[in-house]
Structure formats: C-alpha cells, structure tokens
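Heads up, the thing below is written out as structure tokens.
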Amino acid sequence: MKSISILAAAGIALLSSTAAFAGDVRIMWYSDGVEGQVFKDLIAKFQKDNPDIKVTVDEVAYSTIKEQLPVQLAAGNGPDIARVTNLKSLSQYWLDLTPYLKDAEFWKKNYGDQLDWMRPDGSNIIPGFMTQITLTGGFINKTLFDQAGVAVPGEKATWDEWVAASAKVAKSQQVPYAFAIDRSGHRITGPAISYGANYIGKDGMPAPLDDAAKKYLTQLIKWNADGVSDKDVWVSASGTTYKPAADDFINAQVVMYYAGSWQIPNFMTKIGTNFDWVAIGSPCGPAACTGMPGGAGLVAMKDTKNPKDVAKVMDFLASTPIAKEFAERTLFLPSNKEVVAGGLDFKTDNKFAKEALNTFVKATTTTAPEALKLPGWKWSDTYYGALVSRVGQAMAGEMTADEAFKRIDSDIAEKVKAAK
C-alpha cells in the first residue's frame, strides 16, 4: 500500500528528510481557521476512491511554513507537497506537474490567472493551484461602536478617520486598543500603496522606500507609540516572524482589526454571538483604497520521488467539484474559474459572514494596479521581510523611523546583491 502523509505537529520544526520510500508522499498543511478539517474530509474522499494510497493529515503552524520550510527545501529535506504563501521566492523548488496531470488544459483554463504568482520568472510550468484567493481588509466590532454612540465612518473614509473613530470607541468602552494590524510586511503594504507607495522600480527591481511609503509607516509607528494600536503584536516577536492579532479582536480587546478575507470563517466560529462584527474593506489613503490580493497555494516539490502520485492527489483537489466544496465550506474566495462562474452556496447561516464575503468581493474592484503586480513579483517577500523586521524594531524603540527606513533599503539591497 502506498502512503501519503501530510506532515507534522503544529508549531514544531520539521527536520525529517524527504520521503524515503517510493509511494511515500508527504504534504505540509497549515490552517488559518476551519479549513484544516475541511481538507481532511476531502482527503478522506480521495482515500475512499484510491484505497491503494493511504493519506494521513496533520497540520503545522504557519510560522513553520514561513520559517522552517525554506530551510528544509534548501537542504533537500522538504515535503512533497506544501500549502504556502511565499509562492514566488521559493519557486525554484516547485515541480512542473504538467506531464503528470490528467488534463493540463483544465488547469490552465481554471487556474491560469494565478500561475505566474508561483512560477519562476519566464517559466510556464504548472506547479500547483491557489487553494483560495484572499484580499486584505479591515473588520470592526460594530457592537462597541453602537455602545459608544460613535458613527461608523463611510465607504470612502480615510485611515486617519477610521483610526480616530476607533480611538473614540476604545476610550468610551475602555477597550485596550483602537486598532491592530498583523505583524506582516504583506499586511502593511495595502495601506502603504493607498498612500501612494510603489515598491517596483522601472527596471523591475526593488525601488528604495519612497516618500509615500515612509509617510504611512511613520504614521503606523506613531500610532503604536501613542498606544492607539496593539503594540504587543509587533514587539512581542522579532525578525520576520509573522504574528496575527486575530485573538485580540475575537476577545474584544481591539475595536478595528486589519487582516483579510481568510479570517471570516475564524470569526464566524470563534466570535459566535458575542458581538456584531463587520467587514469594512480597506480604508483610503491619498492615492487609493486598496487591499493586497494574495492567497495560499498548494504546490508540489521537485524533490518528490513520486510525481505521479503527487499529481493524482493534486488533480483531485483542483477538480471543480472538490474546489467548490472547499470554497463553500471554508468560506474562502475560490480561484477556480468554473466554480466562480457556477456560483457558490456558502455553507453558513451567519449573516455577518455572508455580508463580509460580499464586502470583500466588492473590495476587489478597488484593488490598485500596484497591488495586483506584487503577488507575481520575485522580490515581494524580500521587501516584506525587510519591512516587518525593521518596522518592528522601530515600534520597539530600538531605532528611529528614519533609521528603520535606511535599514530597510540596505537589507533589500543586500538580498539583491546576494542573489546575483
């Protein structure tokens, strides 16, 4: 019997080597919310139809994906399949599934819009598919706004207006923080672009931080220093470590939380009827009202010893019926075009979840061109890493904002030089 195991214990670094025996395929999976259980259910269906392949599902923490997986891949000790968000920067490790797929044209037709996000530059390989499309955006605790008697800002309200209104609510209701934003370079990029930032130079290489980016980052650092935003999210970790503020929002410790569409099922499950939560899209800056598109991709690895078995699993998971079920049950925005065209019946009676999904669908229409370019840009993760590391240090008081900006530029320059 062949065996496919989806590796790991949450939060523990995975150090075991690539599958040692033919037919032994490993998959690394992380979850933001309920999608892990949905994924296990779908794998059980695959198991039933393919009794010669044993599938074991375990999940890892997202930090393992971000911090341990790149090390493992570089050492040749990675899994055979992984769910990842750093799609472009690790693309040299992805397998071209094309010769092993049942119908490569189906993949190109239904997943083609995002394939460049995960391909090495200039390549036309099919390494995997997006398990969902995401968009960053904000959420508010509407109950707190109502209790404070503070009007919710309108559709085109600015970042300053949203933070000011949230600060009034926090003061009135004695909530620790007006707002929080995840410790993530990706997360703070949407607001920066709304202020007019552009990371990509005319030559396609990373540009130095421009004045627009510096203006937003300076304001973000000031909000932390003033106690307006949730400082612990940023200063309780170091380096490029990712940390979300979801639990603080769920526990009503934050009035406004900037995260993204992937949090909808998490909030539906964990907030329940504790308070009314509402998606607000992305606040506006001088240049735009944009979020950052993205998502998680399920990709195959070059080092697999069983590309045919890997492709069989991938074909099943990418098929329209399975992709539709995954989207409807996880409340994720699907990437499969046939699923989108056929419509979805999201499996929830939660009005906040349904309204939030509709808000994010609408918000996709205001995504700035600069934001749309970044998921497929080779240097995105390099830029994000420098941002989160140095902005975090500035928030912790280890350096000034100006010093952080200089270090961001030098960090990126060093990465570019090392890659040559």
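With a ≥ b ≥ c the root eigenvalues of the C-alpha gyration tensor of the stretch 253-300, is it rounded (a/c under 1.5), prolate (a/b larger than b/c) or oblate?
Oblate shape, in that a/c is at least 1.5 and b/c is the bigger or equal ratio.
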How far apart, in nm, are the 7 Å Cα→Cβ label points at N77 and S172?
5.5
FRET efficiency estimate (nearest 0.05) - Cβ-Cβ, Q47 to D210, R0 45 angstrom
0.30
Got a sec to turn the phi values of the stretch 179-189 into Karplus ³J(HN,Hα) couplings, 6.51 cos²θ - 1.76 cosθ + 1.60 with θ = phi - 60°, whole Hz, x for Gly and Pro?
8, 9, 9, 4, 6, 7, x, 5, 5, 7, 7
Return the single residue from P153, P307, P334 with maximal mean-square fluctuation; model: Gaussian network over the chain, springs between Cα atoms under 10 Å.
P153
With an 8 Å cut-off on Cα pairs and a minimum separation of 6 or more residues, tell me the relative contact order of the stretch 94-217 in percent.
14
For the chain, with +1 on Lys and Arg beta carbons and -1 on Asp and Glu, the positive-most of P208, F249, T320 along the dipole:
T320
Suppose each label sits 7 Å from its Cα in the direction of the beta carbon; what would the K156-V340 distance come out to in nanometres?
2.7
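Please give the charge dipole size of the chain, origin at the Cα centre, charges +1 on K and R Cβ atoms and -1 on D and E Cβ atoms. Round to the nearest 20 debye.
360
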Dipole check, the stretch 52-105, charges on Cβ (K,R +1; D,E -1), about Cα centroid: among V71, V57, L95 the Cα furthest to the positive pole belongs to V71
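Can you classify the stretch 351-420 as rounded, prolate or oblate using the Cα gyration tensor, where a ≥ b ≥ c are the square roots of its eigenvalues, rounded means a/c under 1.5, and otherwise it's prolate if a/b beats b/c and oblate if not?
Oblate, because a/c is 1.5 or more while a/b does not exceed b/c.
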What lysines could a cross-link reach from K305, if we take a straight Cα to Cα line under 21 Å and drop same-chain neighbours fewer than 8 places away?
K2, K54, K102
If the limit is 28 Å between Cα atoms, which of K88/K231; K168/K222; K312/K415 go over it?
K88/K231; K312/K415
With all protein chains present, how much of the accessible area of the chain (probe radius 1.4 Å) comes from carbon and sulfur, to the nearest whole percent?
51
Any idea what the dipole of the stretch 354-420 comes to, in debye rounded to 20, about its Cα centre with Lys/Arg Cβ at +1 and Asp/Glu Cβ at -1?
320
Among the lysines, select those whose C-alpha is under 24 Å from the C-alpha of K347, and discard any that sit fewer than 8 residues away in the same chain.
K40, K45, K48, K142, K270, K324, K337, K362
Calculated [θ] (222 nm, deg cm²/dmol) that DSSP helices of n ≥ 4 give over the chain, each run adding -39,500 (n - 2.57):
-12500 deg cm²/dmol
Roughly speaking, what is the stretch gain from K417 to K308, that is 0.36 nm per residue apart minus the C-alpha to C-alpha distance, in nm to one decimal?
35.5 nm
Diffusion constant of the stretch 69-155 at 25 °C, which comes from Stokes-Einstein with the Kirkwood Cα-pair radius and 0.890 mPa s, µm²/s
152
How large, in Å, is the stretch 271-407 by the Kirkwood hydrodynamic radius built from its alpha-carbon pairs?
18.8
Just to be sure I understand: with springs between alpha-carbon atoms less than 10 Å apart, which residue in M292, M28, M205 has the highest mean-square fluctuation in the Gaussian network model of the chain?
M205
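The values are calculated or read from the model by the stated rules, or taken from the named source; none is laboratory data. Quantities reported herein were computed from a predicted structural model and do not represent experimental measurements. Cβ: placed from backbone, ideal geometry, glycine included. Neighbour counts: every protein chain shown. Accessible surface is based on the protein model in full, side chains and every heavy atom, while ligands, DNA and RNA are left aside. Shrake-Rupley method; radii C 1.70, N 1.55, O 1.52, S 1.80 Å.
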